[in-house]
Amino acid sequence: MSPVTARILDGSATLKSIKHELAERVARLAERGVVPGLGTVLVGDDPGSHWYVNAKHKDCAEIGITSIRRDLPATATQAEVEAVIDELNADPACTGFLVQQPTGLDEMALLSRVDPEKDVDGLHPMNLGWLALGKPAPLPCTPMGCVELLRRFDVPIAGAKVVVIGRGLTVGRPLGLILTRKSENATVTLCHTGTRDLAAEVIQADIVIAAAGVPGIVTREMVKPGAAVLDVGVSRVDGKIAGDVAPDVAEVAGWVSPNPGGVGPMTRALLLTNIVEAAEAHVDHTGQG
Ligand SMILES: Nc1nc(=O)c2c([nH]1)NC[C@@H]1CN(c3ccc(C(=O)N[C@@H](CCC(=O)O)C(=O)O)cc3)C=[N+]21
């Protein structure tokens, strides 16, 4: 075993800093009579999903965002969940909300039903469309969490060669769109299960973002010395989190995100950011407050 030489992209510490910054902005909103409120819609009793939703509400409470929680049983029908979405769309105390995935229902129909201005997950088809068009709109939390983590640790993004592993709707696909904007200016290769030689792609990358959900898919031999490696994967092996990045990658990489403690907390940080921005945008549109 060689020693770990990589700098640690500490998502937990960064979440803390971002909370301090956002608490200030929430206080400014309060002065204008506006209190942001996060709504969550949770279906069923998956322990992981319950943990995430609890964590999101705790984060909100810490910085002065109120919580509106709708927990439904696993037996909830499409129509029942849609009725809850309609209710939150209409509720002025709910400035933003999300439908925790997976629901086991028709997710595209649920996502499409959320008021795009309240879509703090940035996953509504209209908001993904704005992203593809390069127009301002709420952005997906996990991809933006990755970008913010790189920014805050001064990992150069402009001009960098980035390999993203995974083309899913919540991470890989939007990451490609975000990182290739003029403001990020990276060159992105999106890899997936059809990629012929993954190792040949990854070895060229200055930044590797692994979001395949396959434990240990990125191995030490695949990583260019000095590269930044972000681990988005959340699989459970024997009850413990197993990331997409093998632990010994930290012996060759220049930066690594720990897992847990890396991208997970950053996803929550960007959710909080989206909630505050949705409330600020609402004040600006309506002149309320
Ligand atoms: N509509 C929707 N929006 C989401 O944002 C969403 C979702 N559905 N479905 C599931 C994924 C997963 N997700 C995580 C959030 C926080 C951590 C997190 O903070 N994890 C901690 C600890 C994890 C633990 O110990 O269990 C960490 O990485 O340090 C992880 C994963 C949000 N998701």
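The values are calculated or read from the model by the stated rules, or taken from the named source; none is laboratory data. This one's a predicted model, so the numbers in the text were calculated from it and none came from an experiment. Reconstructed Cβ throughout: ideal geometry from the backbone, glycine too, with neighbour counts over all protein chains shown.
Summary table
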item: Sole exception among (1) in a helix (DSSP H, G or I); (2) under 19 Å from F153 (Cβ atoms); (3) not hydroxyl-bearing (S, T, Y) for I209, by number; result: (1)
item: Output for region 57-89, where each listed residue is among the basic types (K, R) and either touching a Lys or Arg at 6+ places or on another chain (Cβ under 6 Å) or outside the structural domain of A279 (by TED's automatic domain parsing) (or both); result: none
item: Strands (runs of 3 or more DSSP E) wholly inside region 57-165 containing at least 2 residues that are within 23 Å of D45 (Cβ to Cβ); result: 66-72, 96-99
item: Filter result for A281 (buried (at least 23 other Cβ atoms within 10 Å of the Cβ), in contact (Cβ under 8 Å) with a residue 60 or more places away in the chain and away from the ligand (no atom under 16 Å from the Cβ)); result: no
item: Some residue of region 266-274 being touching a residue at least 60 places away in the same chain (Cβ under 8 Å) and more than 30 Å from I65 (Cα to Cα); result: no
item: Residue in region 73-89 that is among the aliphatic types (A, V, I, L, M), more than 18 Å from D119 (Cβ to Cβ), without any contact (Cβ under 8 Å) to a residue 40 or more places away in the chain and touching a Ser or Thr at 6+ places or on another chain (Cβ under 9 Å) present; result: yes
item: Matching entry among G122, G96 (being in contact (Cβ under 8 Å) with a residue 60 or more places away in the chain, under 17 Å from the mean Cα position of the chain (by Cα) and within 11 Å of the ligand (Cβ to nearest atom)); result: G122
item: G176, sole failed condition from (1) within 21 Å of V252 (Cα to Cα); (2) within 16 Å of the chain's Cα centre (by Cα); result: (1)
item: The lone exception for R268 - which of (1) part of a helix (DSSP H, G or I); (2) among the charged types (D, E, K, R); (3) more than 30 Å from R28 (Cα to Cα); (4) within 11 Å of the ligand (Cβ to nearest atom) it fails; result: (3)
item: Output for region 166-178, where each listed residue is in a loop (DSSP other than H, G, I, E, B) and either free of Cβ contacts under 8 Å to residues at least 24 places away in the same chain or on the phi < 0 side of the Ramachandran plot (or both); result: R167, G168, L169, T170, V171
item: Residue in region 104-116 that is farthest from the chain's Cα centre (by Cα), counting only those that are within 14 Å of the ligand (Cβ to nearest atom) and either crowded, with 21+ Cβ neighbours inside 10 Å or closer than 15 Å to I275 by Cβ (or both); result: V114
item: Meets criteria (of a type outside the set (K, R), at pLDDT 95 or above and over 17 Å from N259 (Cα atoms)) for A210; result: no
item: Check on N54, polar (S, T, N, Q), outside any loop (DSSP other than H, G, I, E, B), within 15 Å of the ligand (Cβ to nearest atom) and buried (at least 19 other Cβ atoms within 10 Å of the Cβ); result: no
item: Residue within region 59-66 that is of a type in the set (A, V, I, L, M, F, W, C) and farther than 28 Å from E21 by Cα present; result: no
item: Flag if S12 is modelled with pLDDT of 95 or more, within 15 Å of G145 (Cα to Cα), within 13 Å of the ligand (Cβ to nearest atom) and not assigned by TED's automatic domain parsing to the domain that holds E277; result: yes
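Residue-wise test of (1) within 20 Å of T267 (Cβ to Cβ); (2) in contact (Cβ under 8 Å) with a residue 40 or more places away in the chain; (3) of a type outside the set (V, I, T).
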| residue | (1), (2), (3) |
| --- | --- |
| T189 | no, no, no |
| I203 | no, no, no |
| A212 | yes, yes, yes |
| T219 | no, no, no |
| D231 | yes, no, yes |
